[in-house]
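Worksheet: one structure, shown below.
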Amino acid sequence: MLSEKMEKAFNEQINKELFSEYLYRSMVAYFESLSLSGFAKYYHVQADEEHEHAMKIFEYIHTRGGRVVLEAIEKPKTEWNGPLDALKDAYNHEKFITGSIHSLVDLAIELKDHASNQFLQWYVEEQVEEEENAVNLIDKLEMIGESKNSLYLFDRDMGKRTK
Ligand code: FEO
């Protein structure tokens, strides 16, 4: 059985993952407005992934006899100062999520909840990947600079993401 403290913390994490989905979905709309359909596709896939992150915790809470309580999802940003600004926001957001996951691990250790600690290790690894991906995209876009041709090709590559 999940402790009340752990249950509350997991419920808060569900909200953060759903917000992540919302934020990336908002980026999709932004990129579509710039006719960057590859970027839009990339963040659609990313948003789907965030939904899975939320649902995985949703199921876990039930598996441990807990109760899922859904709260309101904050309104995400809708405008950015260009693609690089949006990508930097995505990276900052992932760093925030990493911190949140680490706090959950700390709590699981404090409460001697070994099952939750083990469950969370998947997220710890996932966040390493999430941050690495976000940084790689920023590096590439910075390399491109003002070149419209390169941005066109990069957008085409971004659109190849399927998972
Ligand atoms: Fe679910 Fe991108 O962290």
Quickly run through the stretch 37-83 and pick out the residues that are open to solvent by 70 Å² or more (accessible area, probe 1.4 Å), in contact (Cβ under 8 Å) with a residue 60 or more places away in the chain and part of a loop (DSSP other than H, G, I, E, B). Arg67, Glu71
Is there any pair with a first residue in the stretch 128-152 that is closer than 22 Å to Glu32 by Cα and open to solvent by 100 Å² or more (accessible area, probe 1.4 Å) and a second that is charged (D, E, K, R) and part of a helix (DSSP H, G or I) whose Cβ atoms are under 9 Å apart and which are 6 or more apart or on different chains, and what are they? Lys140/Asp157
Selection count, the stretch 116-163, where residues are among the basic types (Lys, Arg) and assigned to a helix (DSSP H, G or I): 3
With respect to the numbered conditions (1) away from the ligand (no atom under 14 Å from the Cβ); (2) over 14 Å from Glu17 (Cα atoms); (3) surrounded by fewer than 17 Cβ atoms within 10 Å (Cβ to Cβ); (4) not charged (D, E, K, R), which one is the sole condition not fulfilled by Ser116? (3)
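The values are calculated or read from the model by the stated rules, or taken from the named source; none is laboratory data. Every value quoted in this text rests on a predicted model; they were computed, and no experiment measured them. Counting neighbours? That spans all protein chains shown, and the Cβs are built from the backbone with ideal geometry, glycine included. When the accessible area is computed, the model is the full protein with side chains, heavy atoms only, and any ligands, DNA or RNA have been set aside. Shrake-Rupley method; radii C 1.70, N 1.55, O 1.52, S 1.80 Å.
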